[in-house]
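Undergrad: The structure is given below, and queries will be raised subsequently.
The values are calculated or read from the model by the stated rules, or taken from the named source; none is laboratory data. None of these values were measured; they are calculated from a predicted model. Quick reminder, even Gly has a Cβ in these numbers, built from the backbone with ideal geometry, and neighbours come from all protein chains shown. Side chains are part of the model used for accessible areas, which takes the heavy atoms of the whole protein and leaves out ligands, DNA and RNA. Shrake-Rupley method; radii C 1.70, N 1.55, O 1.52, S 1.80 Å.
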Amino acid sequence: ESQKFHLRPTCRARQRWWDCPEEKGNSFWGKELRDRIAVFISNSLIFADCRLYIATVERTLQAILNSTVAIFGNEINARYYGGGGGPRSVMVYEVQQQLVLLPSVFDENQKLFLESIINRLSDRDILPIFDEIYQPDRRALDEVVFDVLGLTAGEREAVYEAVVELVRNRLDKAQSLGKKR
């Protein structure tokens with residue numbers, strides 16, 4: 001208290017300013033992401049720090065959050081602050097306000113399929129979005145989400161193109177600004 005830590009906003013908001021609560025979850029949003037974009041998942045609850053936002057959600061919702069449609073929505077709503085490599089910056093309130101399809105709009109077979117796909121995705125490295133969108137398991141996950149949304153084949157490809165364009169523009173802009181320094 002002599003160093004005024006108890007007056008800082010993050011400490012002042014706590015009942016006991018010195019207390020650091022244990023925050024655990026099975027789903028994690030990175031505060032900054034470049035081209036490997038995902039809501040990362042764990043089969044068990046693990047601790048996270050201030051660079052990761054956490055939640056504990058069911059497997060179907062983990063799959064939905066990792067769909068290209070969700071990534072597209074996040075790219076549209078994200079802020080870009082530079083950071084040298086063009087990361088997308090996300091604040092905790094933006095994660096909380098994210099528009100997401102509810103698992104209840106999927107039938108039981110679709111939920112089981114989504115859960116099997118997210119299990120496969122969680123067993124491999126997530127690639128840069130430019131390569132990720134061509135992965136068969138990624139496409140299979142997206143097909144279920146696209147079906148629920150009633151998107152045509154052309155609209156589905158437009159989602160992929162838009163995500164790639166948004167990410168590429170973000171990264172290119174950061175690179176061009178870096179060259180001007």
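Undergrad: Could you grab the pairs with beta carbons closer than 6 Å, sequence gap of 6+ or different chains, first residue in segment 39-67 and more than 19 Å from Gln97 (Cα to Cα), second one open to solvent by 90 Å² or more (accessible area, probe 1.4 Å) and outside any strand (DSSP E or B)?
TA: Ala48/Glu23
Undergrad: Going by the conditions given, is Val92 closer than 17 Å to Phe40 by Cα and among the aliphatic types (A, V, I, L, M)?
TA: Here the answer is yes, as Val92 does meet what is asked.
Undergrad: Given segment 106-181, what helices (runs of 4 or more DSSP H) lie entirely inside it while holding 3 or more residues that are open to solvent by 30 Å² or more (accessible area, probe 1.4 Å) and modelled with pLDDT of 95 or more? I'd like the intermediate steps shown before the answer.
TA: On the way: elements: 108-121, 129-132, 136-149, 153-180.
Fully inside segment 106-181 and qualifying: 108-121, 136-149, 153-180.
Undergrad: Looking at segment 4-104, what helices (runs of 4 or more DSSP H) fall wholly within it and have at least 1 residues that are open to solvent by 90 Å² or more (accessible area, probe 1.4 Å) and over 22 Å from Arg124 (Cα atoms)?
TA: Numbers: elements: 9-12, 59-65, 68-77, 92-96.
Filter on segment 4-104 gives 9-12, 68-77, 92-96.
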